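Note sheet for the following structure.
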Amino acid sequence: MPRRRPSALRGEVPARHVRRRRYPSIDRLSGSCTADLGRLERARFWPEATAEAFWHWKALAHGPLRRIADPFTAQRCGIPGCCDPAYFRDHLEAVLHALPKKSSRELRALVSALDDKILTRGKAIQVDNLDVPWWRDQL
């Protein structure tokens, strides 16, 4: 009996389409932290929400200095997540508090490195009020 071709065996099974990621995954995270992020996003947020927020925060840290240093001339439309960088940092903060300790510590190291870069580049940012996070009023 002749062997059947694999395509003939599959027949009417639809081809699996892999959806491309809109935002790159967060570099230097362990597999367990990535799995914890995936579980948290399925339960409380949407897929790739943390990767999107991290990407925007990283773009702010490494982008042009005028986006950090001059908040008065920056275009703000008032829509959360559109052009307000504090929205993305608030999302990262919520994720850091919701993750397990080990995963939170791992992600917090990456986020705090970006925070330090933003604070050193934007000399006009004041971090003296402990009640309000610095990214809400200063960016």
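Yes or no: residue 60 under 13 Å from residue 104 (Cα atoms) and either in a loop (DSSP other than H, G, I, E, B) or out of contact with any strand residue (DSSP E or B) (no Cβ under 6 Å at 6 or more places or on another chain) (or both)? In short, no.
Each residue in segment 84-113 was checked for being touching a residue at least 60 places away in the same chain (Cβ under 8 Å), outside any loop (DSSP other than H, G, I, E, B) and of a type in the set (A, V, I, L, M), and 2 of them qualify. Here segment 7-64 is the region considered, the condition is being surrounded by 12 or more Cβ atoms within 10 Å (Cβ to Cβ) and among the aromatic types (Phe, Trp, Tyr), and the residue that is modelled with the lowest pLDDT is 23.
The values are calculated or read from the model by the stated rules, or taken from the named source; none is laboratory data. A quick note: this is a predicted structure, and the numbers were derived from the prediction, not measured. Cβ atoms come from the backbone with ideal geometry, glycine included; neighbour counts cover every protein chain shown.
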